[in-house]
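Only one structure is covered here, and it is reproduced in the block below.
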Amino acid sequence: MQLKTILNRVEHFKSFVYGKVRWVDADRPTIEVQIEARRNGRPICSGCHHPASGYDRLPERRFEFVPFWGIAVYFVYAMRRVECPACGVKVEEVPWCDGKNQLTTTYRWFLAGWAKRLSWKGVASVFGTTWQDVFRSVKHAVSWGLAHRSLEGIEAIGVDEIQWQRGHKYLTLVTLPPKPSPATM
Ligand SMILES: [Zn+2]
């Protein structure tokens, strides 16, 4: 079975394909997996999340993925820039990573998951990464959690009008958030 087959099973992208896979000379066994954009796919603007015309291409970058069998795995991709009518020239949005991050989103969630069971230093040493990368992964998971929680809060104070019986009688329905329990106060 090819590594590409495994990757397509665990991390499949609609508009990108896996290309060449190669060994790299490094302190630890390392594999680089080339990623290519599909020819018919237009790049997505990272500002407004809409497709836009291509502008140019930046130098290749490496994005660290989850290591396996003690082998470090990196995706290699040259990000395109788009010329967006709304945002101007912007770097494209890619599904495996956000912003200027060196770690793929999947790897960050992986590290943050282990950081619940082991110390940050322990996680870094087991997976051959740095304490800072584990810290950033935990921070990412926490801020995602906070953003998610605040959305739930908006739902909980939703106000709606419902029609009461027939005709033009309306009731205003207000959903209140639950009272905080003593444990969270
Ligand atoms: Zn845009």
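The values are calculated or read from the model by the stated rules, or taken from the named source; none is laboratory data. Computed from a prediction, not measured in an experiment: that's the story for all the values here. A quick note on method: Cβ atoms are made from the backbone with ideal geometry, for glycine too, and the neighbour counts reach across all protein chains shown. These area figures cover heavy atoms from the full protein model, side chains too; ligands, DNA and RNA do not enter into them. Shrake-Rupley method; radii C 1.70, N 1.55, O 1.52, S 1.80 Å.
The table below gives the values:
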quantity: Those chymotrypsin sites (Phe, Trp or Tyr not before Pro) in segment 1-93 that DSSP places in a loop and that have at most 15 other beta carbons within 10 Å; calculated: Trp69
quantity: Efficiency of FRET between Leu58 and Ile6 - r from beta-carbon atoms, R0 22 angstrom, step 0.05; calculated: 0.20
quantity: Heavy-atom surface of segment 26-129, accessible at 1.4 Å and reported per residue (Å²); calculated: 56
quantity: Whole-Hz ³J(HN,Hα) from phi, Karplus 6.51 cos²θ - 1.76 cosθ + 1.60, for segment 122-139, glycine and proline x; calculated: x, 4, 4, 6, 5, 9, x, 10, 9, 4, 4, 5, 5, 4, 4, 5, 5, 4
quantity: DSSP-loop trypsin sites (Lys or Arg not before Pro) across segment 1-104, with at most 13 other Cβ within 10 angstrom; calculated: Lys14, Arg38, Arg39, Lys100
quantity: Evaluated over segment 49-128, the Cα radius of gyration and Dmax, each in Å; calculated: 16.0, 47
quantity: Heavy-atom accessible area ranking, 1.4 Å probe, most first, across Thr30, Thr5; calculated: Thr5, Thr30
quantity: Distance histogram for segment 1-139 (every C-alpha pair counted, 10 angstrom bins, percent rounded to whole numbers); calculated: 11, 38, 33, 16, 2
quantity: Accessible surface of segment 83-139, 1.4 Å probe, proportion on carbon and sulfur as whole %; calculated: 58
quantity: Contact order normalised by residue count of segment 1-100, Cα under 8 Å, 6+ apart, percent; calculated: 24
